[in-house]
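The values are calculated or read from the model by the stated rules, or taken from the named source; none is laboratory data. What you see is a predicted model, and the numbers here were worked out from it, not measured in a lab. Because the Cβ atoms are built from the backbone with ideal geometry, glycine has one as well, and the counts that use them run over all protein chains shown.
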Amino acid sequence: MSAHFEKLNQYIKQFVHMSDAELLVLNEQCHKVHFNKGDIIMKAGETQKSMFFITKGIIRNYVENTKGNIKIYNFRSELMTVTGYALYNYEDHLKAIVNVECLVDCVMIEVPLKAIDYVIKNMESGERLGRFMAEMHVIEMLKSVIQRDTKTIIERYNDLEAAFPNIHNRIPQHMIASYLGITPVHLSNLKKNRKILTESI
């Protein structure tokens, strides 16, 4: 078994107990895939047939309005799932709600939705696994939305760094600014002020 699939299996074991035989059945229906920096792996409005598990890399979930302005909602990196929130969009035929772009070269495990359906229907812990994964992903998005309205920009920046260590060296600063809802100049000033405050303590 490759290290990439082992990471997926350890992720699954956080939620439910699955035997090695059950994990092997699931693994055999999945595929290791490589994406290049800049690849759009999901597009808002398009029906999805797979979800992904990141073993290396970082992506952004974003939307683009009619004027071409991009709004970043969150990021996903190693040991996180990527769904475009399509898995929970049953009323609209499992269409992605956001676009998903690779911000660096990425390695992922592609998990076909038919494989998830098989696990849910045929394995004792399958339904619980599907529920836990769905709930956790939606709660993460909900927390992000709530934090946008209740926390200061510096608090959100600190939370971002805690969730994604070294993110400021992995992706362009203007993307972090977009996520925070500020300009790149504002972000630069914020970082300078934070450094001065830290050094004065």
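If you go through the range 69-94 and keep only what is in contact (Cβ under 8 Å) with a residue 40 or more places away in the chain, within 16 Å of the chain's Cα centre (by Cα) and assigned to a strand (DSSP E or B), you end up with 71, 72, 73, 74, 75, 77, 81, 82. Residue check: residue 194 meets all listed conditions (1) touching a residue at least 40 places away in the same chain (Cβ under 8 Å); (2) touching a helix residue (DSSP H, G or I) at 6+ places or on another chain (Cβ under 9 Å); (3) assigned by TED's automatic domain parsing to the domain that holds residue 27 but one, namely (3). Being in contact with a Ser or Thr (Cβ under 7 Å, 6 or more places away or on another chain), touching a residue at least 40 places away in the same chain (Cβ under 8 Å) and of a type in the set (A, V, I, L, M, F, W, C) is a property that does not hold for residue 15.
In the set (1) without any contact (Cβ under 8 Å) to a residue 60 or more places away in the chain; (2) in a helix (DSSP H, G or I); (3) outside the structural domain of residue 12 (by TED's automatic domain parsing), residue 117 fails one condition alone, (3).
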